[in-house]
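Notes for the one structure printed next.
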Amino acid sequence: AQSVTQLDSHVSVSEGTPVLLRCNYSSSYSPSLFWYVQHPNKGLQLLLKYTSAATLVKGINGFEAEFKKSETSFHLTKPSAHMSDAAEYFCVVSDLTRGSYIPTFGRGTSLIVHP
Amino acid sequence: NAGVTQTPKFRVLKTGQSMTLLCAQDMNHEYMYWYRQDPGMGLRLIHYSVGEGTTAKGEVPDGYNVSRLKKQNFLLGLESAAPSQTSVYFCASSPGNTQYFGPGTRLTVL
């Protein structure tokens, strides 16, 4: 069975400092991994995805994530936070355990950016 | 190309009332999903469909029914609404493993 754990429910940073949002996953198959962002009262937008190609994945708005199979991690990073990055971030794992793509969501990490 | 749309955007129901939420996608995706989002819980899968005419239960299916009579539409029904169903509902579609989400429906059950 697949599962995903977001290690921090809240992360607080100052504008201009690095961002690290942590995600660990469990999967019996070669998983696909995703990060989505949700701004207040909005829908979910795909930030980036890993689907067994390059382990370092670059996404939109300067975010990137590294797939580390040995650590079963897919942490999201950004070198310099911007006020507009304040949002909820979801890590998602998806594989074909049940013969279809049924993604599993983490509980989310709220990113707070201070001026 | 509208992507994924949801109707309505907001709704208030009284306990025991019924309603249907409509999700439509114009990307010819095979997979469609209904989620509910509650504070601190992430998104939880209610039901999903892997193609026209098919549906399956997700993590939290009780109190909900779905239908996928046409490939582009996925309907979520509440037969007898309960306050515990107060939530934000998101629909998504997917050609495989990448999901595209609708804007959500905020439902309040009094």
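May I ask for the distance between the Cα centers of region A:50-78 and region A:13-37, given as a whole number of Å?
7 Å
Which one of B:101, A:83, B:81 has its Cα pushed farthest toward the positive end of the charge dipole of the protein assembly as shown, where Lys and Arg give +1 and Asp and Glu give -1 at the Cβ?
B:81
Quote the Stokes-Einstein diffusion coefficient, in whole µm² s⁻¹, for chain B, based on the Kirkwood radius over alpha carbon pairs, a temperature of 37 °C and a viscosity of 0.692 mPa s.
On the way: Rh = 13.7 Å.
Diffusion coefficient, whole number: 239 µm²/s.
Under 37 °C and 0.692 mPa s, how fast does region A:1-61 diffuse according to Stokes-Einstein, given a Kirkwood radius computed over C-alpha pairs? Answer in µm²/s, whole number.
On the way: Rh = 13.7 Å.
Reported coefficient: 240 µm²/s.
What number does the protein assembly as shown give for Rg over Rh if you use C-alpha atoms and the Kirkwood radius? Show your work: numbers first, answer last.
Numbers: Rg = 17.6 Å, Rh = 18.0 Å.
Computed over Cα atoms, the ratio is 0.97.
How much length is gained if the chain between residue A:14 and residue A:51 is pulled fully straight, taking 0.36 nm per residue apart and subtracting their Cα-Cα distance, in nm to one decimal?
Values: separation 37, 0.36 × 37 = 13.32 nm, distance 3.17 nm.
Using 0.36 nm per residue and subtracting the Cα-Cα distance, I get 10.1 nm.
Report the FRET efficiency, 1/(1 + (r/R0)^6), for residue B:69 and residue A:72, where r is their Cβ-Cβ distance and R0 is 45 Å, rounded to 0.05.
On the way: r = 40 Å, r/R0 = 0.89.
E between residue B:69 and residue A:72, to the nearest 0.05, is 0.65.
Among the aspartates and glutamates, which have Cα under 18 Å from the Cα of residue B:9 when same-chain residues fewer than 8 positions away are ignored?
B:38
Hey, which lysines would be in cross-link range of residue A:78, C-alpha to C-alpha under 30 Å, not counting anything within fewer than 8 residues on its own chain?
A:42, A:49, A:58, A:68, A:69
What length, rounded to one decimal in nm, is gained on full extension from residue B:59 through to residue B:19, with 0.36 nm per residue of separation minus their alpha-carbon distance? Each step should come with its number before you reach the end.
Details: separation 40, 0.36 × 40 = 14.40 nm, distance 2.09 nm.
The residue B:59-residue B:19 span can extend by a further 12.3 nm.
Would you please classify the overall shape of chain A from the alpha carbon gyration tensor, given that a ≥ b ≥ c denote the square roots of the eigenvalues, rounded means a/c under 1.5, and beyond that prolate means a/b larger than b/c while oblate covers the rest? Display every interim value, and only then the final one.
Details: a/c = 2.03, a/b = 1.71, b/c = 1.19.
Here chain A falls in the prolate category.
If I model a spin label at residue B:1 and residue A:84 as a point 7 Å from the Cα along the Cα→Cβ vector, what separation in nanometres do I get?
Output for this residue pair reads 2.2 nm.
Roughly how big is chain B's charge dipole about its Cα centre, with Cβ charges of +1 (Lys, Arg) and -1 (Asp, Glu), in debye to the nearest 20? Please report the intermediate quantities before stating the final value.
Details: 10 positive and 7 negative charges, 50 e Å.
Value, rounded to 20: 240 debye.
Please compute, for peptide A:96-105, the average count of beta-carbon atoms on other protein chains lying within 10 Å of each residue's beta-carbon.
Working: counts 2, 0, 2, 1, 11, 11, 9, 11, 5, 8.
For peptide A:96-105, the averaged partner shielding equals 6.
Bear in mind that the values in this text are calculations on the coordinates, not laboratory data. Every value quoted in this text rests on a predicted model; they were computed, and no experiment measured them. Cβ: placed from backbone, ideal geometry, glycine included. Neighbour counts: every protein chain shown.
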